[in-house]
Amino acid sequence: MSLRKVILMFTALVVLTCMVAAQDQTPDQNKTVIQHVPITTTSPVSGKEMYTAYCAVCHGTDGKGGGPAASALKMPPTDLTQLSKNNGGKYPALKVTSTIRGTGDLPAHGSRDMPVWGQLFWNMSRGHEGEVQQRVSNLTHYIETLQAK
């Protein structure tokens, strides 16, 4: 199966999950409709570019969890600016890395609304593990810059 088909199928799955989550709301609540958008490839060297393209839709550009798709999720997105504060003042880089890769335990994400970016990055790089590591590392470092002072 081609990389493009895998990415499009995963995007469709994410959109479908978000639409189902939006339908689970009670009738008197405003429903958010998530528009289907294919995943675009970004530069692996820019954590900010990857964050904007892949994370901000749920976590918001400021990292506080108020992105345009946040209201369609069953669990609100994590406020990424509070990760250090909630970890005794130390940025939990390993936990962030495992969350992005999809290898960590994510009880806060409930039904796994957050995509497993490690697999998507693997597909984007056509199986080049060095590029996957670079993407995850740069994204992890960018999220560290969002920490509340």
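The values are calculated or read from the model by the stated rules, or taken from the named source; none is laboratory data. Given the structure is predicted, the values throughout are model-derived calculations rather than measurements. Quick reminder, even Gly has a Cβ in these numbers, built from the backbone with ideal geometry, and neighbours come from all protein chains shown.
Tabulated data
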{"item": "So A148, is it in contact with a Lys or Arg (Cβ under 9 Å, 6 or more places away or on another chain) and modelled with pLDDT of 90 or more", "result": "yes"}
{"item": "Only listed residue being modelled with pLDDT of 85 or more and either touching a Cys at 6+ places or on another chain (Cβ under 8 Å) or at positive phi (or both), chosen from G66, G60", "result": "G60"}
